[in-house]
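The values are calculated or read from the model by the stated rules, or taken from the named source; none is laboratory data. Keep in mind the model is a prediction, meaning the values are calculated, not measured. For neighbour counting, all protein chains shown are included, and Cβ atoms are generated from backbone atoms with ideal geometry for every residue, glycine included. Accessible surface is based on the protein model in full, side chains and every heavy atom, while ligands, DNA and RNA are left aside. Shrake-Rupley method; radii C 1.70, N 1.55, O 1.52, S 1.80 Å.
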Amino acid sequence: MLVTTWVIVGVVAGATGVSIGFLALRQARATMEECRRMLVRQSSEAPGDLRAIRDVAVCRYDALSEMTGRLSFSVAMINGLGDGIVLTSINGRSETRTYVRPVVGGRGQQPLSPEEEDAVRAARLGLGPFVTPRPSETY
């Protein structure tokens with residue numbers, strides 16, 4: 001009886017390990033493909049001043065449940081080195097708030113919202129100028 005229990009526990013642990021490994025492999029492949037696309041894009045473009053803003057993407061969304069019409073937005077303006085800014089405007093009924101966050105090497109120096117990350121990613125990959133936020137995220 002004890003041996004049967006250990007066999008069942010071993011099988012379940014093995015299946016769980018295989019599942020986790022498969023999910024990690026899928027994520028790694030997606031990240032590698034994204035990096036490959038970014039490198040191909042950067043190497044295929046004409047050489048120029050890498051410090052000049054060249055990649056722009058706008059992500060429009062409904063930031064507040066009281067406002068619809070995708071009036072809030074995040075704009076990523078990135079240079080060839082992955083440096084730049086993300087400008088975000090959150091629009092409500094009575095006020096609008098605007099934020100700017102620095103981006104260095106394709107990552108925010110401060111934590112970025114999912115919409116800001118989508119805008120930076122789209123700018124880096126050349127998917128702009130307009131992108132929609134990933135639907136799997138809940139904001």
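Descriptive notes on the structure:
- Reported count of residues in the stretch 109-123, each being buried (at least 19 other Cβ atoms within 10 Å of the Cβ), in contact with a strand residue (DSSP E or B) (Cβ under 6 Å, 6 or more places away or on another chain) and free of Cβ contacts under 8 Å to residues at least 40 places away in the same chain, is 0.
- All positions within the stretch 75-108 that are touching a residue at least 12 places away in the same chain (Cβ under 8 Å) and of a type in the set (D, E): D83
- Filtered by the rule that a residue be charged (D, E, K, R), open to solvent by 60 Å² or more (accessible area, probe 1.4 Å) and either at pLDDT below 90 or not in a strand (DSSP E or B) (or both), the stretch 74-100 gives R93, E95.
- Count of the stretch 97-114 residues which are of a type outside the set (G, A, S), within 11 Å of the chain's Cα centre (by Cα) and closer than 14 Å to V56 by Cα: 0
- Verdict on I8 being more than 22 Å from the chain's Cα centre (by Cα), at pLDDT below 85 and among the hydrophobic types (A, V, I, L, M, F, W, C): yes
- Residue, farthest from F73 (Cα to Cα), within the stretch 101-139, restricted to residues that are aliphatic (A, V, I, L, M) and assigned to a helix (DSSP H, G or I): L125
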